[in-house]
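The values are calculated or read from the model by the stated rules, or taken from the named source; none is laboratory data. Model, not experiment: these values are computed from the prediction. Methodologically, a virtual Cβ is constructed for each residue, glycine included, from the backbone with ideal geometry; neighbour enumeration extends over all protein chains shown. Accessible surface areas use protein heavy atoms only, side chains included; no ligands, DNA or RNA. Shrake-Rupley method; radii C 1.70, N 1.55, O 1.52, S 1.80 Å.
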Amino acid sequence: MNRFLFAGAVVITMAFYACKSNDKEEDKGPLSKIALELVDSLVVDEFSPLVMDDFMEEEGLFLLRGTKSRKPYLVNNKGDIVKIFEVLNEGPDGLGSSGAFGYRFLDKNRWVAQGLFNGFHLYDMRGKKEKVIPPNNLGVFAMTVYTFRTTFNPYVKDGVPYMIGEEQNLYNPKEISGTELGAGFYEKVKTLYRYRLDNEEHELLETYPESWGPRRNERFVGASHPMVAYHKSKGEMAVLPVMGNELFVYDFSAEQPVMKHQVNLTHPYRPAEAPQIEAGSREYFSDYPSFTELRYCGEKILVGFHTRIPVDVVKQLRAQSEQYYNMPEYKEAEAQYIKTYFLVVENGEQIGVLDKFPVPGRLDFTDEKGFLYVNDNVDPATERDYNVFYKIRIRK
């Protein structure tokens, strides 16, 4: 199976090169098309659909998660299942029967599970629980479950274990309301954090930078929360408000983050400004393409978004049924209008865009060596009894 898939990968790569070889190289710039090449595939002999939460290069190990079972799988770089951690229980080594939001490596000997509002569970590589770190939320006011991303980044610095992450429940929306405060919301709310795992010291981080356009210009564009990504080996943090067109990059190798770059992002399908929402008004449907992805990929940063169904089309569908999202016409509109794009940032500048992958599937993971892993397991064109993760990279 591995030989067959890799042979297929070579064929696709050669075809992709052939398509590009006669093209005239486009001018360099923020909108230049960046090409990708398929270099390998990870095949896991498991029927249940899996997603990729983390990769530890020095040990050649992946942490995968069952999309239905939410079980964590330890898999080597040949696709062999080393261990399925039986932690979805109420026992001494369990994290609860509901599972976790996701799993990440802390170092080569430990990994972390973010339980469903019952804290962070620290495990060794045998699946023995070492510690439970209390949850860092004020309460449960909202819950978002992601299929292809985690919101916490564990790492060790000078022997001390930390996490940098996002937590939307770090404030009470009934006490701090964006619809009442307007742009003042951005001064009061912090949903990014650094959490020291040994002594449980918790620190809130600046979430909406003062130089971010909507905050600077006192424009309320919604109460959505920024995303954060962390590069372990560089000690660098990226913060992305999902509205607007600005990315913020910080040097976080010392005690406090210091801003290195404020990057202006651009794409033909992105408006110059996010639509303003008047204080006191109710939320409404918008077709504004807010950002949905932020990932480090080697020395580069990938910022993703997808286009949305136009407001007029949604209004027409809603007029036919309150459950318009179940209508065949809605599925057709999704296929017609919703497309995913990525902006590529390096050294504080946008250097190009990715319009499509040379393989089917969704971007699932990126590593610090510059590889992207595309997942074709959740909704494959043809049902199969194994999982495949395509390993691709930016063509040099």
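So between Asn89 and Lys339, what do we pick up on full extension, going 0.36 nm a residue minus the alpha carbon distance?
Between Asn89 and Lys339, full extension yields 86.1 nm more.
Quick one: grab the alpha carbon gyration tensor of region 156-254, order the square roots of its eigenvalues as a ≥ b ≥ c, and give me rounded if a/c is under 1.5, else prolate or oblate depending on whether a/b is larger than b/c. Mind dumping the intermediate values first?
On the way: a/c = 2.98, a/b = 1.60, b/c = 1.86.
Cα axes put region 156-254 in the oblate bin.
Between Asp80 and Ser177, what length comes free when the chain is fully extended (0.36 nm per residue of separation minus the Cα-Cα distance, one decimal in nm)?
30.0 nm
Only sites in a loop by DSSP and with at most 14 other Cβ atoms within 10 Å count here; which chymotrypsin sites (Phe, Trp or Tyr not before Pro) in region 240-315 make the cut?
Tyr269, Tyr284, Phe285
Under the Karplus relation 6.51 cos²θ - 1.76 cosθ + 1.60, θ = phi - 60°, what is the ordered set of whole-Hz ³J(HN,Hα) values for region 31-37, x standing for Gly and Pro?
So the Karplus estimates, Gly and Pro as x, are 10, 5, 6, 9, 8, 10, 10 Hz.
Which of Arg104, Arg295, Arg215 moves most in a GNM of the chain, Cα contacts under 10 Å?
Largest GNM mean-square fluctuation: Arg215.
So, in nm, how far is label Glu278 from label Thr382 when the simple model puts each one 7 Å beyond its Cα toward the Cβ?
5.7
Would you list, by chain and number, the lysines whose Cα falls below 29 Å from the Cα of Lys339, excluding same-chain residues fewer than 8 positions away?
Partners within reach: Lys20, Lys24, Lys28, Lys33, Lys68, Lys300, Lys315, Lys331, Lys356, Lys369, Lys391, Lys396.
For a quick check, take a GNM of the chain with Cα springs below 10 Å and name the residue from Asp251, Asp53, Asp385 with the largest mean-square fluctuation.
Looking only at Asp251, Asp53, Asp385, the largest GNM fluctuation is found for Asp385.
Compute the distance in nm between two label points, each set 7 Å from the Cα along the Cα-to-Cβ direction, one at Ser253 and one at Lys188.
It works out to 3.9 nm between the two label points.
Given a 1.4 Å probe and every protein chain left where it sits, what share in percent of the accessible area of the chain is carbon and sulfur?
Carbon and sulfur together cover 48 percent of it.
From the phi angles alone, apply the Karplus equation (6.51, -1.76, 1.60; θ = phi - 60°) to region 232-239 and give each ³J(HN,Hα) in whole Hz, x where the residue is Gly or Pro.
Once rounded to whole Hz, the list reads 4, 5, 8, x, 10, 10, 10, 10.
Provide the per residue accessible area, probe 1.4 Å, for the chain, rounded to a whole number of square angstrom.
Accessible area per residue: 49 Å².
Measure off 7 Å from each Cα along the Cα-to-Cβ vector at Lys108 and Leu138, then give the distance between these two points in nanometres to one decimal.
Inter-label distance under the simple model: 4.2 nm.
Amide H neighbours of Gly102 under 5 Å, at least 5 residues apart or on other chains, H built in the peptide plane: list them.
Sorted by chain and number, the residues that satisfy this are Gln114.
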